[in-house]
Amino acid sequence: MQVKNELKMLFMKNKRLRQSIHSEANTALRNLLITQRAKLKLTQRELAEKLNIGHSLIGKIETGDRRLDIVELLEYAHALEIDTMDIINIIQKTQNYLPLLYRKNI
């Protein structure tokens, strides 16, 4: 029973991380990826071919059903001709991005 309670407490501490796929920062990132794909006039299938992945994965990424790890994000950004510093800047400008330690000190 104690292990169950400890796991529950751990989950509650990391709840922000677990919800990050629906955060303002993640939404901004998805919007950037979608906008850039449209700007390059690429379909989801064409982008998938460029990345050598299944086209359904592009749809899942764009709808927020699937998160990108850092290596995948770099490859995705390269395929869309996005400077990775632009990604970092967009995420940092979102309201929900502020690190937890910083927020506690405001």
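Just name the residue that is modelled with the highest pLDDT out of those in the range 89-98 that are farther than 25 Å from ALA48 by Cβ and assigned to a helix (DSSP H, G or I). Here the residue is ASN89.
Criterion applied to ILE58, ILE70, ILE53 was being under 14 Å from ASN26 (Cβ atoms) and either free of Cβ contacts under 8 Å to residues at least 60 places away in the same chain or not acidic (Asp, Glu) (or both), and the one residue passing it is ILE70. Restricting the search to the range 31-47, which residues are basic (Lys, Arg), in a helix (DSSP H, G or I) and farther than 14 Å from ASP86 by Cβ? Answer for the range 31-47, where residues must be basic (Lys, Arg), in a helix (DSSP H, G or I) and farther than 14 Å from ASP86 by Cβ: ARG37, ARG45. Considering the range 1-30, and only residues there that are loosely packed, with under 12 Cβ neighbours inside 10 Å and not in a helix (DSSP H, G or I), the residue that is modelled with the lowest pLDDT turns out to be ASN14. On the stretch given as the range 65-84, residues that are closer than 13 Å to LEU32 by Cα, within 14 Å of the chain's Cα centre (by Cα) and in a loop (DSSP other than H, G, I, E, B) total 0.
The values are calculated or read from the model by the stated rules, or taken from the named source; none is laboratory data. Because the structure is predicted, anything quoted here is derived from the model rather than measured. With ideal geometry, Cβ positions are generated from the backbone for all residues, glycine too; neighbour counts draw on all protein chains shown.
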